[in-house]
Amino acid sequence: MVLRAKPRRHRRFEDVAQALSLAVAEMALLTMDPPWSVIFQGESVTLRCQGPPVHKQQPTAWYHNGKLLEHTETNTYRIQNARYKQNGRYECQSPGSTSSNSVTLSVSYDLLILQVPSHAVFEGELLQMQCRGWKVGSLAAVRFYRDGADITKPYTSAMQLSIPQAKAHHSGRYHCSADMHSYLSLKRRESQGLYISIKELFTSPVLSVASSAEPLEGSPLNLSCITQLSPYRPHTVLWYLFYGNSTVLQGPVTSSEYQVPAVGLMDTGFYSCAVRTESSNVQKWSPRVPITIKRVPISGVSLEVWPQEGQVMEGHRLVLHCSVATGTGSISFSWHREGSAEVLGRDSRYEIPSTQQSDNGQYYCMASNGDSPARSLKVQVTVVGVSSPFCSRVRALLLLAALGTLLLEVMVVHVLTAGSRAPKGTKQQTLMEPFAPGGDV
């Protein structure tokens, strides 16, 4: 049968698919049994590559110092009768996984060695090590040291040192010392120093405010507790707690989000979050973040005046009213007149019961809810007094009307008085009768 090469387009699609599958694949986990990074020459060790389960058995790839060592049908690789040439860094890749973590193997020819874990030790995990001599049972008075300081008493049992829940401060350079039997005498020996770094399980959290650290009253507040879990411990479950002014607001929960639907002024304070493992053996706190709830600022300040257009007769009442379109909280008002520093009033309504000429001017109001005050437009108030042309014309017309009425009354009285004095039998002439021509007066 003749095998034909696949079209280039199909190969390209397969490459993309493979890249996408690797992007979501888990990292393989490489362990050693026994779990020590240092062994004596001639000893044996088994490497185990653990990856996600696959439906079809496929070979596992093994690497030594970055070079392909071999493929095995199982997920284990056995090193027997170890020699110096097998020193170095090992990795593996199981089917359906990305390249594993690396472990380092050191084959020692010394008489006394300190055996430490070959795998990375993370916060909260057991840190265990042991001091071994070339011949079993030949050690006495074993001591352990970190950065030159003797740490034997708190942690040691026989030839082993155990720290149940390792912390970052347990990182350092370790070595051990012991009395070794040499023929018929004891000789004090020290191991080579090995540096142990306690890995961070997850980063110290940071509290993130979604919108602003100064949200407006009535708006939602969204908080996120951000941390990064080590890719070497992907199945670790983290629990989150949220604090406001040192009071627990939510948690422990597996959600890293917290929301307040509508904040008020009482929600002002310092916020923080904490992240911990399920057993609480590792717990970290974020820095505190100050959050200040702001009132909705005053806007749309308007002024109404009565009588309309601000013209009022002297002695009559003037009413001014101040209102706002938006703004929360307790709103205070103040009244002002242009050119004067005096505060005329402190209510939403300002009234002058009896206006005078001195009340002429431009008026405006100020509104505030504790933040920056807002100002209305100015309104011109004109008090119409007796000296104005309009009022003079009105008074003149009223005076003419009064004089006309008075003159009419005088004429009526005169006619009535003249009629009452005429002799009897004499015909009375009314105002409406004309004099006869040539007649007697």
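Could you grab me the full set of residues in region 226-269 that are more than 30 Å from Ile198 (Cα to Cα), open to solvent by less than 40 Å² (accessible area, probe 1.4 Å) and assigned to a strand (DSSP E or B)?
Matches in region 226-269: Gly244, Tyr258, Val260, Gly269.
Within region 30-37, is there a residue that is at positive phi and either in contact with a strand residue (DSSP E or B) (Cβ under 8 Å, 6 or more places away or on another chain) or modelled with pLDDT of 70 or more (or both)?
Checking region 30-37: not a single residue is at positive phi and either in contact with a strand residue (DSSP E or B) (Cβ under 8 Å, 6 or more places away or on another chain) or modelled with pLDDT of 70 or more (or both).
Does Val237 qualify as being of a type in the set (Val, Ile, Thr) and over 30 Å from Gly51 (Cα atoms)?
Answer is no for this residue.
If the requirement is being under 44 Å from the mean Cα position of the chain (by Cα), more than 18 Å from Pro297 (Cβ to Cβ) and among the small types (Gly, Ala, Ser), which of these qualifies: Ala341, Ala325, Ala367?
Going through Ala341, Ala325, Ala367 in turn, the sole match is Ala341.
Looking at region 201-213, which of the residues that are in contact (Cβ under 8 Å) with a residue 60 or more places away in the chain and assigned to a strand (DSSP E or B) is most open to solvent (accessible area, probe 1.4 Å)?
Val206
Which pairs turn up if I take residues in region 172-200 that are open to solvent by less than 20 Å² (accessible area, probe 1.4 Å) and look for partners that are among the acidic types (Asp, Glu) with beta carbon separation below 8 Å, at least 6 apart in sequence or on another chain?
Gly172/Asp147; Cys176/Glu190; Ser177/Glu190; Ser191/Asp110; Ile198/Glu123
Looking only at region 345-354, how many residues end up being open to solvent by 50 Å² or more (accessible area, probe 1.4 Å) and under 9 Å from Leu320 (Cβ atoms)?
2
Six or more apart or on different chains, Cβ under 8 Å: which pairs go from a residue in region 305-328 that's basic (Lys, Arg) to one that's open to solvent by 40 Å² or more (accessible area, probe 1.4 Å)? Could you list them?
Arg317/Glu351; Arg317/Pro353; Arg317/Ser354
Residues checked against (1) within 30 Å of Glu214 (Cβ to Cβ); (2) surrounded by fewer than 16 Cβ atoms within 10 Å (Cβ to Cβ); (3) modelled with pLDDT of 95 or more; (4) among the acidic types (Asp, Glu):
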| residue | (1), (2), (3), (4) |
| --- | --- |
| Glu342 | no, yes, no, yes |
| Gln356 | no, yes, no, no |
| Asp359 | no, no, no, yes |
| Val383 | no, no, no, no |
| Ser387 | no, yes, no, no |
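Please state which one of Gly96, Gly124 is within 41 Å of the chain's Cα centre (by Cα), more than 27 Å from Ala166 (Cβ to Cβ) and in contact (Cβ under 8 Å) with a residue 24 or more places away in the chain.
Values: Gly124 fails: more than 27 Å from Ala166 (Cβ to Cβ).
Among Gly96, Gly124, only Gly96 is within 41 Å of the chain's Cα centre (by Cα), more than 27 Å from Ala166 (Cβ to Cβ) and in contact (Cβ under 8 Å) with a residue 24 or more places away in the chain.
If you go through region 278-302, how many residues are open to solvent by 30 Å² or more (accessible area, probe 1.4 Å) and either within 30 Å of Gly264 (Cβ to Cβ) or of a type in the set (A, V, I, L, M, F, W, C) (or both)?
Matching residues across region 278-302 total 13.
Being of a type in the set (A, V, I, L, M), out of contact with any Phe, Trp or Tyr (no Cβ under 7 Å at 6 or more places or on another chain) and part of a strand (DSSP E or B), is that true of even one residue in region 167-177?
Checked against the condition, which is being of a type in the set (A, V, I, L, M), out of contact with any Phe, Trp or Tyr (no Cβ under 7 Å at 6 or more places or on another chain) and part of a strand (DSSP E or B), region 167-177 yields no hits at all.
Failed condition for Val275, given (1) open to solvent by less than 20 Å² (accessible area, probe 1.4 Å); (2) over 25 Å from Ala213 (Cα atoms), with all others met?
It fails just one condition, (2).
Name the residues in region 233-284 that are of a type in the set (Val, Ile, Thr) and within 25 Å of Glu123 (Cβ to Cβ), would you?
Scanning region 233-284 gives Thr236, Val237, Val248, Val253, Thr254, Val275, Thr277, Val282.
So Val305 clears everything in (1) surrounded by 17 or more Cβ atoms within 10 Å (Cβ to Cβ); (2) within 30 Å of Ser376 (Cβ to Cβ); (3) touching a Ser or Thr at 6+ places or on another chain (Cβ under 7 Å); (4) modelled with pLDDT of 90 or more except one condition, right? Which one?
(3)
Quick check on my filter: what residues within region 308-336 are part of a loop (DSSP other than H, G, I, E, B), on the phi < 0 side of the Ramachandran plot and surrounded by 16 or more Cβ atoms within 10 Å (Cβ to Cβ)?
Of everything in region 308-336, those that are part of a loop (DSSP other than H, G, I, E, B), on the phi < 0 side of the Ramachandran plot and surrounded by 16 or more Cβ atoms within 10 Å (Cβ to Cβ) turn out to be Glu314, Val324, Thr328, Ile331.
The values are calculated or read from the model by the stated rules, or taken from the named source; none is laboratory data. Being a predicted model, the structure only gives us computed values, none of them experimental. Don't worry about glycine lacking a Cβ; one is built from the backbone with ideal geometry, like all the others, and counts go over all protein chains shown. Side chains included, ligands, DNA and RNA excluded: accessible areas come from the protein's heavy atoms. Shrake-Rupley method; radii C 1.70, N 1.55, O 1.52, S 1.80 Å.
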